[in-house]
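The values are calculated or read from the model by the stated rules, or taken from the named source; none is laboratory data. In this text, all values refer to a predicted model and were calculated from it rather than measured experimentally. All Cβ positions, glycine included, derive from the backbone under ideal geometry; neighbour counts span all protein chains shown.
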Amino acid sequence: MDTGPQAYGAGKVGGAFDVQNFVRKPHVFVRLLSLLFGLIVYFCASSGSWTIDPNTKEEVCMFKMKRFNCHIGGFVGFTSVIVAAVFVGGEYYFENVPSVKSRKHYVLLDLGFSSLWAFWNFLLFCYLSNAWSNTPDFSDSISTANPSAAIYFTLFAIFVWGTSAYFAYQRYQMGVDPAFVSSFEADQFGTYDEAQNNTNHESPFNKQLSGEYQTQAY
């Protein structure tokens, strides 16, 4: 664990990458859970919640017999997987970002998207629960495990996305340790600028002292 100067919850750039330590980070672990739950919702809603209508002999969605209900569940689940995967990759590169502004933008983006996806999953949970409660009973030969799983894991997704938003808010509250800027960014950029400024603005007295002494003629 890095106990040195930090900017938005991460230390300096560098160091060997350890997969186990990376996965064990709370914000990464929760993000992986949101990816897993999104996959389950996607497959259960888009592929597993269809059955054959005994009257029309056509394939219908089990959520209130409307195709849109399965499609919307699959859409939210699929987008959750994509967004979660992007942020897992972002966590990998986060500690290798030297710019404090870039880290701040990432944390705010994480906070906004995590809050939005928690809200989308909440709407999906309410919508699918209402559709399922108004669905006629199926015969015992038809399994209803997939629609039920889609509803339950949508509920779980609300909490994991909300937790991700909370972790992002904590990072934002941490802000930037002044020692991080002075010890890292100054080392990366300040040394070169200082040397360049010294070269461009070298004192004329130094040049005179470094050269041969010239006697003024009276």
Hits in region 115-144 (condition: surrounded by 16 or more Cβ atoms within 10 Å (Cβ to Cβ) and of a type in the set (Gly, Ala, Ser)): SER115, ALA118, ALA131
Test: residue in region 83-102 that is in contact with a Phe, Trp or Tyr (Cβ under 7 Å, 6 or more places away or on another chain), part of a helix (DSSP H, G or I), more than 24 Å from PHE63 (Cβ to Cβ) and hydrophobic (A, V, I, L, M, F, W, C): yes
Any chance LEU109 is aliphatic (A, V, I, L, M) and without any contact (Cβ under 8 Å) to a residue 40 or more places away in the chain: yes
Among (1) surrounded by 14 or more Cβ atoms within 10 Å (Cβ to Cβ); (2) of a type in the set (A, V, I, L, M); (3) on the phi < 0 side of the Ramachandran plot - the single one MET65 does not satisfy: (3)
Positions within region 36-62 being surrounded by 19 or more Cβ atoms within 10 Å (Cβ to Cβ) and either without any contact (Cβ under 8 Å) to a residue 24 or more places away in the chain or of a type in the set (A, V, I, L, M) (or both), in sequence order: ILE40, VAL41, ALA45, CYS61, MET62
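Every residue, every condition in (1) among the acidic types (Asp, Glu); (2) more than 15 Å from SER34 (Cα to Cα); (3) modelled with pLDDT under 90, yes or no:
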residue: LYS101; (1), (2), (3): no, yes, yes
residue: LEU109; (1), (2), (3): no, yes, no
residue: SER115; (1), (2), (3): no, no, no
residue: PHE119; (1), (2), (3): no, no, no
residue: TYR127; (1), (2), (3): no, yes, no
residue: ALA131; (1), (2), (3): no, yes, no
residue: PHE138; (1), (2), (3): no, yes, yes
residue: ALA150; (1), (2), (3): no, no, no
residue: THR154; (1), (2), (3): no, no, no
